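The values are calculated or read from the model by the stated rules, or taken from the named source; none is laboratory data. These figures come from a predicted structure and were not determined experimentally. Quick reminder, even Gly has a Cβ in these numbers, built from the backbone with ideal geometry, and neighbours come from all protein chains shown.
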Amino acid sequence: MLRQWQEECTEKALQKYSSNQQHFFCQATPGAGKTVLAATVASRLLEQNMIDLILCFSPSLTVSSGIKKTFSQTLNCTFSGSLGSIGRSLTYQSMSSLDGEFWQTLRNHRVFVIFDEIHHCSGSEIENANVWGQQILTKIQGLATYTLAMSGTPWRSDSLPIVMGEYSDPDGILIVDYQYTLKQAIADRVCRAPKIVLVDNEHLTVKHDDKTESFSSIIEMIKQTKASYQSIIHNQDAMEYLLGLGCKKLAEIRSLSPGAGGLVVAASVLHAQAIKKVLSEKYAQTVSIATYRHKEPLVEIERYRRSDTQWIVSVGMISEGTDIPRLQVCCHMSAVKTELYFRQVLGRILRASDAINQQAYLFTFAEQNLIEYSNRVEQDIPESCMFVKMGNIEKLGSNFIHSDSSVIDPFSECNLDNGSQFTWEKGMIKIVNSRGFNASLDELKLGTFKQRVISAFLTHN
């Protein structure tokens, strides 16, 4: 049975397509059910004999696999691109390796093309487009019979326009055909109302060259020393404290909802392994781990989804579009500190389930950016992210390496604070050539911890 917003959006999309308009843009909060919406629109177009085939593009193999499963169930047919299939689910990265015969399909048939998490693809024209945006502009736009773009976070940290997006003039604000906000989703019980716990420290001591300095907060320490945010997320005491809060909250939720799970978003593979050790040895938790260095991470994610294991530790693999409704607690310990990434991580614990307890808690450290993001989580598109810059840009080249067909957008949302280069590999962030996350400090000691809880959407709790 469709949710009301999905039915409304479907009808609006079909009306637009029936009036000879090709493109439809849906902005719906993470966890609202955009994949089911897309599959429903595709099904209705098939029923009305308006299309022959369906193509779906998304930013990672994890998301692509979920789309394939949902479309197969909704359309009641295979969705593998093989003989007799009605369509195919692919990653954005795969577009550049598809041959001319594949693209000729768009000329020879009536094809419905769906772009999930379209914010990964930038460009109003070839000159300001990233690699994926160029593929869409040259090979899909104008050739597909109908297109559907979807995003829960429709902006880019580089302030470039989203490909095929329509913006107001002269303000540069994205115009969407349908919007389903987090506030609406919470009121409809489609999503959970999140609580964000910001962990700080009242007495941090930094010793360097026989000089000792004390600070009353993480923000103060980072501003006044050469210490980076990574010195906090890798600090053993800080890790143990944050994870301890997460374990306590998960135990509380599982007392009523035994299947509830927790997610830890780590900064690197080594960081993930250290976190797993703390969870299993100090807190006696059951733990899965999914990173590009582990065998068959997608299989591990699926295994976790179906199990009652308490925690899964990931490096970027479960940050966007991954559907695990039993996740209700998240410890955000990533080195990536953009608002888009923060909101995508938060979205992993917002999808409502049939569990008795529907609490959703995200634990992270009180770093300046993360505090700001937390304070405006009720704004679906924050004012700071509403505007785009048009025109040419200088391509980001040497710092971005991509290696295989599952890689995520090399021009996407990452900023580290230690000068490291990085690559996206198998849908995860891999840090390379790091100078060390705290090389300039001899010693960092933490004193008393404290935390502040931000309860969003209180009227719906």
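No other residue among I219, I253, I196, I175 is modelled with pLDDT under 95 and not assigned by TED's automatic domain parsing to the domain that holds N130 apart from I219. Restricting attention to segment 290-305 and to residues that are part of a loop (DSSP other than H, G, I, E, B) and in contact with a strand residue (DSSP E or B) (Cβ under 8 Å, 6 or more places away or on another chain), the residue that is modelled with the highest pLDDT turns out to be T291.
Just to be sure, is K34 in contact with an Asp or Glu (Cβ under 9 Å, 6 or more places away or on another chain), surrounded by fewer than 23 Cβ atoms within 10 Å (Cβ to Cβ) and basic (K, R)? No: the conditions fail for K34.
Of all the criteria given as (1) small (G, A, S); (2) surrounded by fewer than 22 Cβ atoms within 10 Å (Cβ to Cβ); (3) within 27 Å of L182 (Cβ to Cβ), the one not satisfied by G84 is (3).
Let's see how each residue does on (1) out of contact with any Pro (no Cβ under 8 Å at 6 or more places or on another chain); (2) part of a loop (DSSP other than H, G, I, E, B); (3) of a type in the set (A, V, I, L, M, F, W, C):
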residue	(1), (2), (3)
S288	yes, no, no
I318	yes, yes, yes
C331	yes, no, yes
S353	no, yes, no
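Among the residues of segment 43-69, the one identified as within 18 Å of C9 (Cβ to Cβ), assigned to a helix (DSSP H, G or I) and within 24 Å of the chain's Cα centre (by Cα) is I67.
The number of residues in segment 94-111 that are assigned to a helix (DSSP H, G or I) and exposed (fewer than 12 other Cβ atoms within 10 Å of the Cβ) comes to 6. Every residue in segment 128-151 that is under 24 Å from C9 (Cα atoms) and of a type outside the set (A, V, I, L, M), please. Hits for segment 128-151 are Q141, G142, T145, Y146, T147, S151. Among all residue pairs at least 6 apart or on different chains, which show Cβ distances below 7 Å where the first residue, located in segment 366-387, is more than 21 Å from Y178 (Cβ to Cβ) and the second is of a type in the set (D, E, K, R) and surrounded by 15 or more Cβ atoms within 10 Å (Cβ to Cβ)? Note: pairs meeting the criteria are A366/D200; E367/K337; N369/K337; L370/K337; Y373/E339.
In this structure, S307 does not qualify as touching a residue at least 24 places away in the same chain (Cβ under 8 Å), in the same structural domain as P258 (by TED's automatic domain parsing) and not basic (K, R). Tell me whether segment 178-192 contains one or more residues that are more than 22 Å from K337 (Cα to Cα), buried (at least 22 other Cβ atoms within 10 Å of the Cβ), touching a helix residue (DSSP H, G or I) at 6+ places or on another chain (Cβ under 7 Å) and hydrophobic (A, V, I, L, M, F, W, C). Within segment 178-192, one or more residues are more than 22 Å from K337 (Cα to Cα), buried (at least 22 other Cβ atoms within 10 Å of the Cβ), touching a helix residue (DSSP H, G or I) at 6+ places or on another chain (Cβ under 7 Å) and hydrophobic (A, V, I, L, M, F, W, C).
For residues in segment 112-129 being aliphatic (A, V, I, L, M) and outside any strand (DSSP E or B), which is surrounded by the fewest Cβ atoms within 10 Å (Cβ to Cβ)?
Pass one, segment 112-129, residues aliphatic (A, V, I, L, M): 113-114, 118, 126, 129.
Right, trim to outside any strand (DSSP E or B) and you get 118, 126, 129.
Numbers: I118: 28, I126: 11, A129: 23.
Result: I126.
The sole residue among S384, S288, S314 that is under 15 Å from the mean Cα position of the chain (by Cα) and either polar (S, T, N, Q) or surrounded by fewer than 20 Cβ atoms within 10 Å (Cβ to Cβ) (or both) is S314.
Scanning segment 346-364 finds one or more residues that are in the same structural domain as R305 (by TED's automatic domain parsing) and within 24 Å of K223 (Cα to Cα). Which of the residues belonging to segment 337-351 are outside any helix (DSSP H, G or I) and buried (at least 24 other Cβ atoms within 10 Å of the Cβ)? Passing the criteria: R348, I349, L350. Scanning segment 77-93 for residues that are at pLDDT 90 or above, of a type outside the set (V, I, T) and either within 16 Å of L148 (Cβ to Cβ) or in a loop (DSSP other than H, G, I, E, B) (or both) yields F79, G87, R88, S89, L90, Y92. Of everything in segment 199-231 that is hydroxyl-bearing (S, T, Y) and either free of Cβ contacts under 8 Å to residues at least 60 places away in the same chain or surrounded by fewer than 20 Cβ atoms within 10 Å (Cβ to Cβ) (or both), the residue that is farthest from A266 (Cα to Cα) is T212. If we scan segment 258-281, do we find a residue that is surrounded by fewer than 18 Cβ atoms within 10 Å (Cβ to Cβ), under 23 Å from Y361 (Cβ atoms) and touching a residue at least 60 places away in the same chain (Cβ under 8 Å)? Checked against the condition, which is being surrounded by fewer than 18 Cβ atoms within 10 Å (Cβ to Cβ), under 23 Å from Y361 (Cβ atoms) and touching a residue at least 60 places away in the same chain (Cβ under 8 Å), segment 258-281 yields at least one hit.
Just one of the numbered conditions (1) within 17 Å of Y17 (Cα to Cα); (2) in contact with a helix residue (DSSP H, G or I) (Cβ under 8 Å, 6 or more places away or on another chain); (3) surrounded by fewer than 22 Cβ atoms within 10 Å (Cβ to Cβ) is not true of Q134: (1).
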